[in-house]
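Here is the structure we will look at, set down as structure tokens.
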């Protein structure tokens with residue numbers, strides 16, 4: 001794994017999409033099947049890093065310690081379910097990442113929708129829920145306890 005934390009400007013770049021690769025995506029094999037030795041990619045999340053973000057309370061974008069408010073972004077469906085797949089982030093990191101992904105027109109970061117369809121929410125706390133063997137979607141989720149703000153990312 002690469003060193004963390006990093007300031008946003010120092011995040012590595014996805015060579016195919018030309019967008020920053022957040023800490024939670026990392027260079028390791030994530031949820032989707034990727035060939036061994038696959039390069040840095042913003043397409044998928046790394047389940048070890050997602051868990052590290054939750055248990056150590058670190059930002060999914062930059063990898064440094066979190067304060068409050070916490071920001072989550074994802075699809076409207078994730079908001080409706082109050083179950084996000086991307087880890088909590090600093091509000092500034094989430095806003096910067098969403099701005100950097102504004103022109104990406106395909107699902108990335110383990111999402112089912114393109115960034116233009118994502119929402120950004122803030123909260124003061126969350127629960128981390130790991131999937132069990134009966135769950136069809138085996139990805140862990142972050143459940144905000146209550147929302148402070150909700151807005152489209154733009």
Number of positions in region 75-91 that are over 13 Å from residue 128 (Cβ atoms) and crowded, with 24+ Cβ neighbours inside 10 Å: 1
Failed criterion for residue 137 (all others in (1) within 15 Å of the chain's Cα centre (by Cα); (2) closer than 18 Å to residue 48 by Cα hold): (1)
From 96, 24, residue being under 19 Å from residue 128 (Cα atoms) and either surrounded by 16 or more Cβ atoms within 10 Å (Cβ to Cβ) or at pLDDT 90 or above (or both): 24
Hits in region 47-65 (condition: at pLDDT 90 or above and either within 21 Å of residue 114 (Cβ to Cβ) or surrounded by fewer than 19 Cβ atoms within 10 Å (Cβ to Cβ) (or both)): 50, 51, 55, 56, 57, 60, 61, 64, 65
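The values are calculated or read from the model by the stated rules, or taken from the named source; none is laboratory data. Predicted model only: the values in this text are computed from it and were never measured. Neighbour counts are summed over all protein chains in view; Cβ atoms, including those assigned to glycine, are modelled from backbone coordinates with ideal geometry.
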